Amino acid sequence: MKNLHKLSIILFVLVWGTSCKKSFLDLSDPTRKTADRFYQTEDQIKQAVSGAYSSLQDHVNSQYVFAEMSSDNTTVQLNPSDRGQTDRAEAFEFWNVTATNVNIADLYSQSYNALYNINYALAEMDNITAISAAKKAQYKGELQFIRAYYYFNLVRYFGPVVLITKPLASSSEAFDTKRSPEADVYAQIVSDLTSASTSLPAKNEYAAADVGRAAKGAALGLLGKVYLTMKDFPKAESTLRQILNLGYALVPNYSDVFATTNKNNVESLFEVQFQGGNNLGEWSSFIYTFAPRNSAGAVTGFPTSRPGGWNIPTRNMIAEFEANDLRKNVALKEGYTNSAGVFVAIPFVNKYNHPHTIEGRTDDNWPVLRYSDVLLMLSEAINEQSGPQSAYQFINMVRARAGLTALSGLTQESFRMAIRHERRVELAFENDRWFDLKRAFTSSQMANVLNAHGSLEKAAPTVDRGGVPFTGNDYRFDTFEALYPIPDRQLFLDKNLTQNPGY
């Protein structure tokens with residue numbers, strides 16, 4: 001996959017140019033044209049929209065660090081001979097993140113670089129006449145959906161964030177930005193998704209060449225999750241119910257949801273597109289990141305590979321699966337057999353582990369929204385309003401596919417706990433756990449949950465640490481850490497920005 005430049009928004013502006021590739025998700029060469037000569041035709045607008053999709057590849061590649069490793073779902077297999085990640089990715093596992101963390105800086109910059117380009121394309125699109133109104137509405141809807149997705153992640157990670165919806169007229173404007181209240185950010189997200197849900201076609205209305213584009217169901221699904229996060233349960237329910245009539249369904253076999261031969265299936269509302277097996281630069285490599293270190297080809301299938309040992313499922317996560325849950329062996333494996341025939345009991349994420357033809361270049365897409373998520377969100381929204389009686393049907397559809405018995409006779413509170421459990425196992429390792437914890441608990445409650453998990457990990461680590469001792473700050477979660485710090489380089493560049501408390 002091609003890497004987008006990770007530079008500060010106020011120092012770098014990326015402009016998409018023309019591209020000779022056929023895939024609608026291919027990155028364009030930013031040096032081929034300048035902005036004032038671009039955005040003249042429908043084809044150029046389509047390329048700009050494609051660039052927005054391509055930026056999502058870079059975005060989801062790193063989300064496991066912020067949304068899984070920071071939670072109780074996953075941990076890291078340390079490399080005792082290389083401690084270079086101690087204050088970077090490892091810091092999220094042990095809750096030692098600071099404002100100087102490089103991963104946080106990259107997340108922030110990548111998001112705002114992408115948002116700048118989206119805003120520019122939206123602004124220029126209104127000036128183009130050589131495009132039908134319907135097509136223009138579709139492209140605007142796609143960009144609004146992606147913009148909403150970025151801002152939804154940003155506001156959940158950082159709280160109040162800089163809200164920009166138009167191109168900056170000059171670089172000096174970037175030095176005059178301030179963080180907007182969370183309510184304003186959510187209002188913009190709702191506005192974008194509401195507009196997108198009315199202008200985007202249904203998934204089955206796209207031509208075969210356009211499979212993977214955001215559709216009406218994707219906008220409604222994300223909007224439903226936004227309302228659920230805002231605790232506006234009536235609007236969450238009414239929004240999510242609209243998806244029930246759009247042709248989505250659960251794939252009968254859970255493993256087929258993630259199969260590379262079954263991309264963008266009937267359960268998929270939206271997934272970030274990757275393409276392996278070639279030299280086009282659009283491949284994924286999740287299993288190479290997640291497989292245990294020193295497993296070589298036992299997991300990846302390529303003996304010369306050197307997997308990273310990141311995002312290792314915790315004992316806590318493994319124990320969450322009920323007996324006979326068919327999802328467990330799809331989501332994770334509890335170890336691998338090495339070349340000597342010895343079983344090594346280091347668990348790994350298996351959900352993105354599929355045969356591929358070129359080492360390091362997998363074909364796995366990344367799931368962002370699935371129909372099972374919609375059903376579980378709908379169950380949650382209903383329960384929060386009137387208890388579980390009318391919500392059982394939706395959660396039990398998900399459980400039935402997993403080979404589990406139907407739920408019944410629960411109180412409202414016990415049903416809440418059941419939904420949290422079901423979301424954790426159904427959506428394991430899809431970058432939902434951190435956000436689900438934040439939605440379900442207050443900061444104090446979240447601290448209790450995570451510190452209890454941390455105590456267990458310190459007492460009996462999921463993976464042997466190779467002699468690396470714990471520090472006094474490891475696995476100590478403070479309430480302020482429910483929000484990540486604003487990167488220090490952004491505070492230096494923009495004196496109007498303020499830091500989150502505690503950092």
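Of all residues in the range 349-375, those that are surrounded by 21 or more Cβ atoms within 10 Å (Cβ to Cβ) and either hydrophobic (A, V, I, L, M, F, W, C) or assigned to a strand (DSSP E or B) (or both) total 10.
Pick out the one residue from Leu493, Leu456 that is out of contact with any helix residue (DSSP H, G or I) (no Cβ under 6 Å at 6 or more places or on another chain), within 30 Å of Thr98 (Cα to Cα) and in the same structural domain as Thr98 (by TED's automatic domain parsing).
Checking each option against the conditions leaves just Leu493.
Is there a residue being surrounded by fewer than 22 Cβ atoms within 10 Å (Cβ to Cβ), in contact (Cβ under 8 Å) with a residue 24 or more places away in the chain and β-branched (Val, Ile, Thr) anywhere in the range 132-151? No: zero hits. Residues in the range 67-87 that are crowded, with 16+ Cβ neighbours inside 10 Å and either more than 23 Å from Lys333 (Cα to Cα) or of a type in the set (Lys, Arg) (or both): Gln85 alone. Of the helices (runs of 4 or more DSSP H) lying entirely inside the range 421-503, the ones with 2 or more residues being under 24 Å from Gln110 (Cβ atoms) are found at 433-440, 488-493.
When the range 262-302 is examined, which residues are found to be outside any loop (DSSP other than H, G, I, E, B) and within 30 Å of Gly341 (Cα to Cα)? If the condition is that a residue be outside any loop (DSSP other than H, G, I, E, B) and within 30 Å of Gly341 (Cα to Cα), then Ser284, Phe286, Ile287, Tyr288, Thr289, Phe290, Gly297, Ala298, Val299, Thr300 are the ones that fit.
Selection within the range 204-216: residues that are closer than 17 Å to Val272 by Cα and without any contact (Cβ under 8 Å) to a residue 60 or more places away in the chain. The member of this set that is surrounded by the most Cβ atoms within 10 Å (Cβ to Cβ) is Ala215.
Counting just the residues of the range 253-286 that are under 15 Å from the mean Cα position of the chain (by Cα) and small (Gly, Ala, Ser), which one comes out farthest from Gly212 (Cα to Cα)? If we take residues in the range 253-286 being under 15 Å from the mean Cα position of the chain (by Cα) and small (Gly, Ala, Ser), then Ser284 is farthest from Gly212 (Cα to Cα).
Taken as a whole, the condition of being under 22 Å from Val266 (Cα atoms) and part of a helix (DSSP H, G or I) does not apply to Gln385. Scanning the range 303-328 for residues that are in a loop (DSSP other than H, G, I, E, B), surrounded by fewer than 14 Cβ atoms within 10 Å (Cβ to Cβ) and among the small types (Gly, Ala, Ser) turns up just one, Ala323. Kindly indicate whether any position in the range 329-342 is in a loop (DSSP other than H, G, I, E, B), among the aliphatic types (A, V, I, L, M) and either buried (at least 21 other Cβ atoms within 10 Å of the Cβ) or free of Cβ contacts under 8 Å to residues at least 40 places away in the same chain (or both). Yes, the range 329-342 contains a residue that is in a loop (DSSP other than H, G, I, E, B), among the aliphatic types (A, V, I, L, M) and either buried (at least 21 other Cβ atoms within 10 Å of the Cβ) or free of Cβ contacts under 8 Å to residues at least 40 places away in the same chain (or both). Among residues of the range 314-326 that are in contact (Cβ under 8 Å) with a residue 60 or more places away in the chain, those with a beta-carbon under 8 Å from a residue that is part of a loop (DSSP other than H, G, I, E, B) and surrounded by fewer than 18 Cβ atoms within 10 Å (Cβ to Cβ) at least six positions away or on a different chain give the pairs Arg315/Ala460; Asn324/Gly403; Asp325/Gly403; Leu326/Gly403. Residues of the range 388-415 that are touching a residue at least 24 places away in the same chain (Cβ under 8 Å), in a loop (DSSP other than H, G, I, E, B) and buried (at least 18 other Cβ atoms within 10 Å of the Cβ): Pro388, Ala391, Ala402, Leu404.
The values are calculated or read from the model by the stated rules, or taken from the named source; none is laboratory data. It should be emphasised that the depicted structure is a prediction, and the values quoted were computed from it without experimental measurement. Positions of Cβ are backbone-derived with ideal geometry, glycine not excepted, and every protein chain shown enters the neighbour counts.
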